[in-house]
Amino acid sequence: MRANRFKSWTENEERLLVALHESGMNHRLIALKLRRTEAGVDNRLAQIIHRPRPAEDASRA
């Protein structure tokens, strides 16, 4: 099975990626689970970490 190097990430995949990362799962295993390259997983996590988070309080107002 080969990983698709150029497939874009969906919002659900990003949520799953963050959840698996926070659970302590190895990045190589995450890559296998999501059918991505390990470098792709690492790069996407870096992008998510540096992305500004929307204020939840503003959306509830």
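Condition first: in a helix (DSSP H, G or I), within 16 Å of Thr10 (Cβ to Cβ) and open to solvent by 60 Å² or more (accessible area, probe 1.4 Å). Now tell me which residues in the stretch 44-54 satisfy that. Talk me through it step by step, then tell me what you get.
First pass over the stretch 44-54, keeping only residues in a helix (DSSP H, G or I): 44-50.
Next cut, within 16 Å of Thr10 (Cβ to Cβ) only: 44-45, 47-48.
Scanning the stretch 44-54 gives a single hit, Gln47.
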For this session: Note down all Cβ pairs under 8 Å where the first residue falls in the stretch 18-35 and is in contact (Cβ under 8 Å) with a residue 24 or more places away in the chain and open to solvent by less than 50 Å² (accessible area, probe 1.4 Å), the second is hydroxyl-bearing (Ser, Thr, Tyr) and outside any helix (DSSP H, G or I), and they're at least six residues apart or on different chains.
Result: Ala31/Thr37
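The values are calculated or read from the model by the stated rules, or taken from the named source; none is laboratory data. These numbers come from a predicted model, not from an experiment. Every residue, glycine as well, gets a Cβ built from its backbone with ideal geometry; the counts of neighbours run over all protein chains shown. The protein model used for the area step is the full one, side chains on, heavy atoms only, and it has no ligands, DNA or RNA in it. Shrake-Rupley method; radii C 1.70, N 1.55, O 1.52, S 1.80 Å.
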